[in-house]
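Single-structure report; data block below.
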Amino acid sequence: MDLAFYKSFMSEEIRDEGRAEGRAEGRAEGLLLVLEVRGIAVTDEIRTKIADCNDPQRLHQWLQRAATASSAEEVFTEE
């Protein structure tokens, strides 16, 4: 059995994409949880914005803001 594919650049790229997607999903879930626990209203529009975001860095930034924000607008205000 030839295992060369599993060691190839293409295989590593596929794994990296899967890891990034997993990080994004985890951060999106965490962000929604923090907003919920803090009693910050999450509209359908905000929920969709979070779910559609696949950028782990942006989600991380929103998650950090959610820890101290008093409203959803503070979380999603672009700098």
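The values are calculated or read from the model by the stated rules, or taken from the named source; none is laboratory data. Because the structure is predicted, anything quoted here is derived from the model rather than measured. For neighbour counting, all protein chains shown are included, and Cβ atoms are generated from backbone atoms with ideal geometry for every residue, glycine included.
Worth a mention:
- Residues within the stretch 7-56 that are surrounded by 12 or more Cβ atoms within 10 Å (Cβ to Cβ), among the polar types (S, T, N, Q) and either assigned to a helix (DSSP H, G or I) or at pLDDT 95 or above (or both), tallied: 1
- Test result for A72, surrounded by 13 or more Cβ atoms within 10 Å (Cβ to Cβ) and either modelled with pLDDT of 95 or more or under 10 Å from the mean Cα position of the chain (by Cα) (or both): no
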